[in-house]
1. Which residue, of Lys249, Lys160, is surrounded by 14 or more Cβ atoms within 10 Å (Cβ to Cβ), in contact (Cβ under 8 Å) with a residue 60 or more places away in the chain and among the charged types (D, E, K, R)?
2. Of all residues in segment 200-224, which are within 20 Å of Gln270 (Cβ to Cβ) and assigned to a loop (DSSP other than H, G, I, E, B)?
3. From Ala267, Ala243, grab the single residue that is closer than 30 Å to Lys173 by Cβ, at pLDDT below 90 and surrounded by 10 or more Cβ atoms within 10 Å (Cβ to Cβ).
4. Answer yes or no: is there a residue in segment 248-257 that is within 20 Å of the chain's Cα centre (by Cα) and on the phi > 0 side of the Ramachandran plot.
5. If you check Arg191, Arg144, Arg140, which single one turns out to be charged (D, E, K, R), surrounded by fewer than 17 Cβ atoms within 10 Å (Cβ to Cβ), at pLDDT 90 or above and not in a loop (DSSP other than H, G, I, E, B)?
6. Quick one: in segment 150-173, which of the residues that are of a type in the set (Ser, Thr, Tyr) and closer than 29 Å to Leu212 by Cα is modelled with the highest pLDDT?
7. Would you pick out the residues in segment 236-274 that are of a type in the set (Lys, Arg) and part of a loop (DSSP other than H, G, I, E, B)?
Amino acid sequence: MVMSVSSADELNCVLCHKYKGLSRIDDKGDFRLYYINEQLFESSPHSKNSCLDCHEGIKEVPHKNVKEVDCSTECHMTEPSSDTKFSHDSVKDALARSVHSKYDENGNLKDYPEDYPTCKDCHEQPVYRPLNKDVSSKERDIARCKTCHSSGDFAKDMYKHMSTRLHKFRSPKENINVCAKCHADKEFNRRHKLDDVVASYNETFHGKLIQLGSEKAPDCIDCHVVRGENAHLIEAQDVETSAVYKNNKARTCRGSGCHEKATDNIAGFQTHVTYEAEKYPLQFYMLAFFRIVLTVVLYAFLLIVFLELLRRLFPHATIPSVIKKRKEK
């Protein structure tokens, strides 16, 4: 049996992996799903890679002693700007220098190293999608490429690859959900002494816009990565080169497509504020004050409504007359 579309699946791996129920419980008790969505894979940047390019060491069926995928492995293709084998080593290096590295600045493992993300924690499979859903427009774009690049399927393959790089793989809401896998976990935050930044972000104007479906409001990547830098190089807020360092926040907010005309005062806005008395006393007591005011106003209003209802039910009743009737009885 052969695949329905052309691909790099020389060994016909999808013959088995096309079944959605292909899964098992591994030796550690974790659930493993081995289903491959062929259509999504064909639209991905990896569509020209053979399975063995990433899944090395597989020589028999059923597979035994399968090695974990190493995303820094050299690919089959040559990187045109340097004429060397393509590799994700630059991404690996950026991740190692970021706040998400499991090693500290001295090369020592941080506490709870298993909590820090690897490539597949953020880049799960099906995040690939074409840039333009309009097929006719897609064909016109490819036709323009073919004016010069006419040999084989080069134009089509390059269009698929480039289109995935010209827009976000995910919507802002999806990006937030990826970060929330760790940063919304209460135990994770407790171990690393972090605030619930996801909940506090969702309370902001930006968060509300994204919850309502906007794709223009900034997500985690937009604010925590320096413009023009590798998206994997997310640094802690106390690092001087971080996008959210106190001296850099205003410049980050004034980025292209954001608050371009804003003054430095915009950096005074606190995004990830929680209402904890120890960390944010001003916000805690302000919230307590407004809750008290709201409670007093609400119950005062209810009392007025209740008294008005009594007046309507007993229009001629007065307090002295009620007391007099009780004494006569």
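1. Going through Lys249, Lys160 in turn, just one is surrounded by 14 or more Cβ atoms within 10 Å (Cβ to Cβ), in contact (Cβ under 8 Å) with a residue 60 or more places away in the chain and among the charged types (D, E, K, R): Lys160.
2. Within segment 200-224, Glu203, Thr204, Ala217, Pro218, Asp219 qualify.
3. Testing whether each residue is closer than 30 Å to Lys173 by Cβ, at pLDDT below 90 and surrounded by 10 or more Cβ atoms within 10 Å (Cβ to Cβ) leaves just Ala267.
4. Within segment 248-257, one or more residues are within 20 Å of the chain's Cα centre (by Cα) and on the phi > 0 side of the Ramachandran plot.
5. The match here is Arg191.
6. Ser171
7. Lys246, Arg254, Lys261
The values are calculated or read from the model by the stated rules, or taken from the named source; none is laboratory data. What you see is a predicted model, and the numbers here were worked out from it, not measured in a lab. Positions of Cβ are generated from backbone atoms using ideal geometry, with glycine treated the same way; all protein chains shown enter the neighbour counts.
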